[in-house]
Amino acid sequence: MKEIPVFYPEQTFFHQPQYELHKGERMPHLDSSARVTQILKSLRESGIADINIAYFYGMPWIEQVHDSRYLTFLAQASQNIEKLVPDSEVSPGEKRALYPSIFPYSQRCKSYGGEAEIGLFSYDTYTPVMAETFAAAVSSAGCALVAASLIIEGEKVVYALCRPPGHHALKDKMGGYCYLNNMAIATQYLLKNGVEKVAILDIDVHHGNGTQEIFYDIPRVFYASIHANPNLMYPYFSGYSEETGTGAARGTKCNIPLAKGSGEEVYQEAVEKALKQIRDFSPKYLLISAGFDTHKDDPFNFFPLSTEYYEKLGETIAKHGLPVLVVQEGGYNPEILGYCVVSFLHGLIKAS
Ligand code: SP5
Ligand code: ZN
């Protein structure tokens, strides 16, 4: 059997945020590099993957999606972290990390300094900038780009093990552990390489607000997402069913929020509903923002999906017969994450 091409970012292991700020408290950061270690371990054991390190440096493609001022900020904040976070602000045993404390209420000037600057480019307190952040984020985007290039070359299933994740990143703001929107960057790459239309199906438990926002008025990109009711779950401000796109893109965005505790039957129904709309759109490729934080043992604890269910999900997706690019998003229980990925990939190749 042919192995699935898999790529992971060269710089991912250097990115190690230590804590997130939640309601004024420090909580252990969930996006640990153990996630990647465990996924690679399960993939190696499974024998279904051809694992490669992605070395691609895709800055021109990243610039197609993200604002240059935001990119300059990220690069310089990582580079100048010693000045931005002086010794007096670093506790013993901690690494230098920059978090926002104030968000813009007025923007009448060209530029802002001090505490304001990171606030301009952030929308939450879960997404710190550290010395290695920019390089890791660029590397993660490069991973999605390499995978996308193989899809263009005719591969049927490719898996980009991106970390840091991307679907919460806006064109000019980080958030939700995301800095650069890997999926949006891969999508732009496809659109600029002669692909007329693509569809993104986002199966992370959180709404992919960044991806939706970037393509909200672009009719060539269908974005469908199945996620936790945003009344109860991050990112709170989007993911409602009335969000369907704007202007010429009206009807190309599809949000299916589900109630807490929704099980595999309800979830499967939502998947079929999303896929039906995607079929009617007739895209050339199907791109999956794959989060496994929908699992019953994930710390987000919202849906009770089993490891085995991801195989059925993969099979359901593959039945559509389109080439599938899988981009890793969330999933925060390293103990099971690798099995979830393998189960999902099994499903994808079973039907193809
Ligand atoms: C890519 C992705 O899945 N990002 C998720 C970002 C969610 N951030 C919200 C953090 C809320 C505080 N931590 C709660 C721990 C769960 N029990
Ligand atoms: Zn998530």
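The values are calculated or read from the model by the stated rules, or taken from the named source; none is laboratory data. Not measured: the values here are computed from a predicted model. Reconstructed Cβ throughout: ideal geometry from the backbone, glycine too, with neighbour counts over all protein chains shown. In case anyone asks, the SASA skips ligands and DNA or RNA and just uses the protein heavy atoms, side chains included. Shrake-Rupley method; radii C 1.70, N 1.55, O 1.52, S 1.80 Å.
What's the number of the condition Gln38 fails, among (1) touching a helix residue (DSSP H, G or I) at 6+ places or on another chain (Cβ under 7 Å); (2) farther than 25 Å from Ala144 by Cβ?
Here Gln38 clears every test but (2).
Pick from the range 274-302 the residues that are among the β-branched types (Val, Ile, Thr) and within 16 Å of ligand 2 (Cβ to nearest atom): which of them is farthest from Cys178 (Cα to Cα)? Reasoning before the result, please.
The first filter runs over the range 274-302 and keeps only residues among the β-branched types (Val, Ile, Thr), leaving 278, 288, 294.
Those still in the list that are within 16 Å of ligand 2 (Cβ to nearest atom) too: 288, 294.
On the way: Ile288: 17, Thr294: 18 Å.
By that ranking, first place goes to Thr294.
Would you check which residues across the range 314-338 are within 16 Å of ligand 1 (Cβ to nearest atom) and surrounded by 24 or more Cβ atoms within 10 Å (Cβ to Cβ) and list them? It would help to see each step written out before you state the result.
The first filter runs over the range 314-338 and keeps only residues within 16 Å of ligand 1 (Cβ to nearest atom), leaving 326-337.
Selection gives Val326, Val327, Gln328, Glu329, Gly330, Gly331, Leu337.
Give the range 240-257 a look and list any residue that's over 22 Å from Lys197 (Cα atoms) and surrounded by 14 or more Cβ atoms within 10 Å (Cβ to Cβ), or say none.
Just the residues of the range 240-257 that are over 22 Å from Lys197 (Cα atoms), to begin with: 240-242, 257.
Scanning the range 240-257 gives a single hit, Pro257.
Identify, please: which residue in the range 285-301 is over 9 Å from Asn333 (Cα atoms) and open to solvent by 10 Å² or more (accessible area, probe 1.4 Å) and is, among those, farthest from ligand 1 (Cβ to nearest atom)?
Tyr285
So which residues in the range 140-167 are open to solvent by 10 Å² or more (accessible area, probe 1.4 Å) and either within 16 Å of ligand 1 (Cβ to nearest atom) or polar (S, T, N, Q) (or both)? Don't jump to the end; show me each part of the working.
Just the residues of the range 140-167 that are open to solvent by 10 Å² or more (accessible area, probe 1.4 Å), to begin with: 146, 149-150, 152-157.
Within the range 140-167, just Ser149 meets the criteria.
Is it true that Ile151 is over 24 Å from the mean Cα position of the chain (by Cα) and more than 14 Å from Phe73 (Cβ to Cβ)? Working first, answer last.
Values: over 24 Å from the mean Cα position of the chain (by Cα): no; more than 14 Å from Phe73 (Cβ to Cβ): yes.
Considered against the rule, which asks whether it is over 24 Å from the mean Cα position of the chain (by Cα) and more than 14 Å from Phe73 (Cβ to Cβ), Ile151 comes out as no.
Just the residues that are within 21 Å of Arg26 (Cβ to Cβ) and either open to solvent by less than 40 Å² (accessible area, probe 1.4 Å) or touching a residue at least 12 places away in the same chain (Cβ under 8 Å) (or both), please, taken from the range 91-106.
Glu94, Lys95, Arg96, Ala97, Leu98, Tyr99, Pro100, Ser101, Ile102, Phe103
How do the pairs read when you match residues in the range 19-31 that are more than 7 Å from ligand 1 (Cβ to nearest atom) and open to solvent by less than 80 Å² (accessible area, probe 1.4 Å) with residues anywhere that are basic (Lys, Arg) and modelled with pLDDT of 95 or more, using Cβ under 9 Å and keeping only pairs 6 or more apart or on different chains?
Every condition considered, the pairs that remain are Tyr19/Arg26; Asp31/Arg163.
Within the range 34-44, can you find the residues that are open to solvent by 20 Å² or more (accessible area, probe 1.4 Å) and either among the aliphatic types (A, V, I, L, M) or closer than 14 Å to Ile336 by Cα (or both)? Spell out the reasoning first.
Residues of the range 34-44 that are open to solvent by 20 Å² or more (accessible area, probe 1.4 Å), as a first pass: 34, 37-38, 41, 44.
Residues satisfying the conditions are Ala34, Thr37, Gln38, Lys41.
Before we move on, is Val65 more than 25 Å from Pro235 (Cβ to Cβ) and open to solvent by less than 40 Å² (accessible area, probe 1.4 Å)? Give the derivation first.
On the way: more than 25 Å from Pro235 (Cβ to Cβ): no; open to solvent by less than 40 Å² (accessible area, probe 1.4 Å): yes.
Criteria not met by Val65.
Go through the range 181-222 and give me each residue that's hydrophobic (A, V, I, L, M, F, W, C) and either open to solvent by 40 Å² or more (accessible area, probe 1.4 Å) or away from ligand 1 (no atom under 16 Å from the Cβ) (or both).
If we filter the range 181-222 for residues that are hydrophobic (A, V, I, L, M, F, W, C), which is where we start, we get 183-186, 190-191, 195, 198-201, 203, 205, 214-215, 218, 221-222.
Within the range 181-222, Leu190, Leu191, Val195, Val198, Ala199, Phe215, Ile218, Val221, Phe222 meet the criteria.
For Glu265, only one of the following conditions fails: (1) surrounded by fewer than 18 Cβ atoms within 10 Å (Cβ to Cβ); (2) in contact with a Gly (Cβ under 7 Å, 6 or more places away or on another chain). What is its number?
(2)
Restricting attention to the range 239-251, does a residue exist that is among the aromatic types (Phe, Trp, Tyr) and closer than 14 Å to Leu201 by Cα? Full working, then the answer.
Here is the first cut: in the range 239-251, the residues among the aromatic types (Phe, Trp, Tyr) are 240.
Now drop any that are not closer than 14 Å to Leu201 by Cα, which leaves none.
Looking for residues that are among the aromatic types (Phe, Trp, Tyr) and closer than 14 Å to Leu201 by Cα, one finds none in the range 239-251, hence no.
Cβ-Cβ below 6 Å, separation at least six or inter-chain, first residue in the range 330-351 and within 18 Å of Ile51 (Cα to Cα), second of a type in the set (D, E, K, R) and outside any helix (DSSP H, G or I): which pairs?
Nothing qualifies.
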